[in-house]
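Contents: one structure, followed by commentary.
Just so it is clear, none of the values below were taken in a lab; they were calculated from the coordinates. Treat the numbers as computed from the prediction; the structure is a model and nothing was measured. As a convention, Cβ positions derive from the backbone with ideal geometry for all residues, glycine included, and neighbour counts pool all protein chains shown.
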């Protein structure tokens with residue numbers, strides 16, 4: 001049963017549907033209108049989740065339930081976003097502000113030949129794209145992704161044609177302006193198509209300028225036959241912010257995906273990743289690292305579907321939780337009946353730095369094929385006393401030794417990040433959090 | 001330099017070291033030999049300040065200070081070095097970087113400036129040569145995936161870089177082939193001089209063919225049961241520890 005919200009006395013469902021009605025009345029008809037309608041219908045079907053919903057066991061959805069107003073998409077200048085642009089991506093930069101594509105802030109001069117970027121509005125004019133998006137929303141199982149579809153007004157579509165091997169790394173920067181006061185919501189929507197035998201490298205970075213905003217994004221990556229995609233998603237939001245994202249990956253025959261997620265910590269971050277290994281020979285690798293302190297929360301919900309034979313998946317999560325912070329990883333690999341000779345590994349490691357910190361892990365396997373090799377594992381630990389003594393016996397102070405050990409815990413993930421500028425930032429900024437915690 | 005008087009201690013309430021007295025002066029090499037389980041390693045861990053091991057009685061004075069009251073890192077900064085019997089693997093911590101941090105901690109403790117990374121690299125390269133270690137081990141994670149021999153060499157490398165005043169080597173020779181043993185002994189001998197002291201804990205006499213001790217102590221059941229010169233080690237080699245174990249019981 002849903003609780004009533006304080007502001008309106010309505011259930012979150014009713015309130016959201018009410019504001020959707022108003023949203024549809026206020027906006028002029030666009031290519032997004034039908035997607036918005038389908039999104040709202042799907043939301044109505046799914047309902048507003050509470051912690052009894054399997055998908056939200058560890059996530060307090062109340063705090064993002066209501067009171068949020070759609071961000072208007074305010075003016076932001078280049079100076080305000082410069083610090084969020086990774087070095088090397090200055091000329092292959094795509095900027096969304098409050099979910100809306102901003103040409104004046106983007107710079108596409110280094111994009112490789114044939115790579116096409118169009119706004120969501122334009123992309124939806126293409127019936128194929130519209131059909132894909134609409135059917136994905138009709139099948140959507142995540143309430144917040146349905147809400148995104150109900151309210152999104154723009155986004156972008158990136159098309160990497162077949163056989164194009166991109167030299168540049170594209171950074172998609174999703175800025176939340178927080179300009180119009182507290183509790184702004186934005187709904188970025190990104191669709192990337194990597195053509196057959198193409199190779200692409202993409203960084204998706206979330207950042208906010210101020211405030212307690214809620215960014216609720218959906219990203220689709222369609223990876224063609226024999227194509228490769230390197231993706232890193234980095235959440236560098238404001239500390240009070242809430243960031244929900246749904247990332248859907250479709251892997252076709254012999255395609256490769258190598259992904260990483262880095263959470264810098266915010267009031268509530270939730271990453272839902274759905275990967276479908278649709279055809280033989282596809283390969284999925286995913287690493288994730290989070291460093292949390294104070295009351296920060298990061299939750300991962302991950303479903304990997306092995307739908308064809310001879311595919312492999314490998315996932316590794318590492319979370320360092322300090323103070324009263326919380327992390328959770330709820331990951332299931334589903335091996336369908338036809339997916340013989342599947343190889344799958346899933347590992348979750350948590351490092352607890354305080355008695356009040358909390359780390360939940362739920363690694364799971366559902367196997368319907370009979371010739372597969374699948375593993376899953378989970379550890380929760382504190383700093384190893386023998387390692388600590390070893391370092392101290394070489395003259396390092398307790399504080400420095402602990403910092404070194406917590407950093408070393410993250411290192412095996414950090415070093416797999418394929419993008420040097422992201423890795424450098426992680427080392428210089430994210431891992432600094434561990435130093436600040438030394439007492 | 002080091003004065004141990006009637007030291008007792010162990011872990012979890014078990015007394016393993018049962019009254020050890022030992023004086024070590026600068027310029028001396030002491031070998032402590034004894035059967036497995038006699039408490040040699042426990043003694044070394046108490047001296048280095050391992051948190052699990054506790055001294056329950058007696059005193060340990062190092063350069064006039066009460067060693068037992070000092071944190072492990074303070075002992076290290078004062079020049080006490082424990083060469084671990086089983087060096088810990090720490091994946092994620094770069095070997096060279098760790099050594100530089102350790103080296104800098106000593107410098108800062110002496111009131112000196114931290115060393116420039118490039119200058120340190122030169123020192124490290126030179127020291128690695130003396131212990132016959134491949135430079136590739138600089139970029140490896142600390143002891144991570146090292147063979148037994150490489151781990152022990154890495155201990156000696158750390159010792160060579162940190163130049164301790166008092167080094168306690170806990171079974172540094174076990175598990176080494178003869179070439180590695182010679183290398184390790186060579187590294188130890190290079191470091192040794194009249195201002196430094198060395199305690200070599202070993203099970204085998206073999207090491208003492210290469211590191212010449214001034215004193216050999218036989219350790220059994222938590223105590224030093226006999227002290228002599230290096231001829232005692234040869235006697236042990238020939239006759240084994242049996243008579244000491246019997247007397248220990």
- Message: For a protection proxy built on the mean count of beta-carbon atoms within 10 angstrom, sort A:146-159, A:24-37 highest first, please.
- Response: A:146-159, A:24-37
- Query: Points 7 angstrom from Cα along the Cβ direction at residue B:97 and residue B:210: gap in nanometres?
  - Reply: 3.2
- When the scattering of region A:380-429 is computed by the Debye formula from its Cα atoms alone, each counted once and equally, what is log10 I(q)/I(0) at q = 0.14, 0.17, 0.27, 0.31 Å⁻¹? -0.43, -0.59, -0.95, -1.09
- Report P(r) for region A:104-168: all Cα-Cα distances, bin width 5 Å, range 0 to the bin holding the largest distance, values in whole percent. 4, 14, 20, 20, 17, 13, 10, 1
- Query: What nm distance separates the two modelled labels at residue B:136 and residue A:332, each placed 7 Å from Cα along Cα→Cβ?
  - Reply: 4.5
- How large is log10 I(q)/I(0) at q = 0.07, 0.10 Å⁻¹ when the Debye formula is applied to the Cα atoms of region B:2-248, each weighted equally and without solvent? -0.23, -0.47
- If you count, for every residue in B:83-93, the Cβ atoms of partner chains within 10 Å of its Cβ, what is the mean? 5
- Query: Spin-label point model (7 Å from Cα, Cβ direction): what's the residue A:429 to residue A:125 distance in nm?
  - Reply: 3.6
- Task: Sort region A:97-213 into rounded, prolate or oblate with this rule: let a ≥ b ≥ c be the square roots of the eigenvalues of the Cα gyration tensor; rounded if a/c is under 1.5, and if a/c is not under 1.5, prolate when a/b is larger than b/c, oblate otherwise.
- Result: oblate
- Report relative contact order for region A:67-382 in percent, whole number only (criteria: Cα-Cα under 8 Å, sequence separation at least 6). 11
- Task: Please give the length that would be gained between residue A:383 and residue A:167 if that part of the chain were fully extended, namely 0.36 nm times their separation in residues minus their C-alpha to C-alpha distance (nm, one decimal).
- Result: 73.7 nm
- Task: Compare the peptides B:58-66, A:300-308 by average per-residue count of other Cβ atoms within 10 angstrom and give them in order, highest first.
- Result: A:300-308, B:58-66
- Between helix B:178-191 and chain B: long-axis angle, C-alpha atoms, 0 to 90°, nearest 10: 80
- Query: For q = 0.12 Å⁻¹, what log10 I(q)/I(0) does region A:52-153 give under the Debye formula with an equal point scatterer on each alpha carbon and no solvent?
  - Reply: -0.62
- Efficiency by 1/(1 + (r/R0)^6): what FRET value for residue B:36 and residue B:194, r their Cβ-Cβ distance, R0 = 30 Å, to the nearest 0.05? 0.35
- Query: How long, wide and thick is region B:197-242, going by the Cα atoms along their three principal axes, in whole angstroms, largest first?
  - Reply: 25, 24, 16
- Task: List the pair-distance distribution P(r) of region A:240-379, using every Cα-Cα distance, as the percent of pairs falling in each 10 Å bin from 0 up to the bin containing the longest distance, rounded to whole percents.
- Result: 13, 42, 28, 14, 3
- Query: For residue B:61 and residue B:234, FRET efficiency with R0 = 30 Å and r from the beta-carbon atoms, rounded to 0.05?
  - Reply: 0.40
- Can you tell me the Rg and Dmax of chain A, counting just the alpha carbons, in angstroms? 21.2, 70
- By counting other Cβ atoms within 10 Å of each Cβ, how are B:241, A:101 ranked from fewest to most? B:241, A:101
- Task: Find, to one decimal place in angstroms, the Kirkwood hydrodynamic radius of region A:66-109, where the mean of 1/r is taken over every pair of different Cα atoms and then inverted.
- Result: 11.6
- Query: Which number comes out as Rg/Rh for region B:149-207 once both Rg and the Kirkwood Rh are worked out on C-alpha atoms?
  - Reply: 0.93
- Task: Assuming R0 = 41 Å, can you tell me the calculated FRET efficiency for the pair residue B:115 and residue A:80, based on Cβ-Cβ distance, to the nearest 0.05?
- Result: 0.50
- Descending packing, highest mean Cβ count within 10 Å first, for A:92-100, A:311-319 is A:92-100, A:311-319
